[in-house]
1. Quick one: Phe102 ticks every box in (1) touching a residue at least 40 places away in the same chain (Cβ under 8 Å); (2) more than 19 Å from Arg22 (Cα to Cα) except a single one, so which number is it?
2. Can you name the strands (runs of 3 or more DSSP E) wholly within the range 85-192 that have at least 1 residues being under 23 Å from Arg57 (Cβ atoms), among the aromatic types (Phe, Trp, Tyr) and open to solvent by less than 20 Å² (accessible area, probe 1.4 Å)?
3. Any chance you could count how many residues in the range 74-84 are touching a Phe, Trp or Tyr at 6+ places or on another chain (Cβ under 9 Å), part of a loop (DSSP other than H, G, I, E, B) and either open to solvent by 20 Å² or more (accessible area, probe 1.4 Å) or over 25 Å from Ala54 (Cα atoms) (or both)?
Amino acid sequence: MCGITGVISRKPLANSDIAAIRAANHVMTHRGPDGAGEFLAGGSSEGPPHLFMAMRRLGIIDVAGGRQPLHNEDHSLTLIANGEIYNFVELRSELQARGHRFRTGSDCESILHLYEDHGLEFVRRLRGMFAFALWDPARRRLVLGRDRMGEKPLYLHSTPDRIVFASEMKVMLAAGYVDFELEPAAIHSYLH
């Protein structure tokens with residue numbers, strides 16, 4: 001099942017932000033009992049961190065080698081993902097023929113290489129049920145996406161200074177970024 005969560009902020013992340021996402025990731029242990037992964041962008045020579053992503057993994061494809069976060073060949077892109085890419089065998093063959101080197105047998109690694117070749121249009125090539133967060137530091141771009149039907153949900157909460165995302169609403173509540181209050185207009189829209 002897997003699960004992803006994270007925060008990206010215009011301002012440097014505080015230790016409390018990192019602790020909140022770690023706590024939120026722990027809430028998803030039921031989604032991914034086979035492992036956890038984290039990625040912090042910034043810090044050290046890159047300056048203060050502005051992005052922190054975490055995930056829980058249920059190992060199905062490439063149980064030993066498909067740990068996340070995943071990276072492309074030169075580690076210039078980073079991905080955390082939930083779900084399954086149904087057409088990854090075809091995509092992998094096509095991408096390898098174009099010179100891409102895969103580090104794992106994970107179906108989700110094809111997302112990274114497709115993005116390298118097709119930019120934001122890469123999602124049109126994906127078939128499956130998925131939600132992902134892909135960090136492209138050269139463009140200072142966080143790409144968040146999910147399958148067309150939302151079979152693998154991706155909840156978002158944004159303010160002028162930050163975006164928080166997660167596979168489950170209770171994860172966002174656990175992080176403390178979202179208050180639990182009902183929005184009457186949203187309930188009306190959802191039910192109609």
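The values are calculated or read from the model by the stated rules, or taken from the named source; none is laboratory data. Keep in mind that this is a model prediction, so the values were computed, not measured. Ideal geometry is used to build each Cβ from the backbone, glycine not excepted, and the neighbour counts take in all protein chains shown. Note: areas computed on protein heavy atoms with side chains; ligands, DNA, RNA excluded. Shrake-Rupley method; radii C 1.70, N 1.55, O 1.52, S 1.80 Å.
1. Only one criterion is unmet by Phe102, namely (1).
2. The qualifying strands (runs of 3 or more DSSP E) are 128-136, 162-166.
3. Number satisfying all stated conditions: 0.
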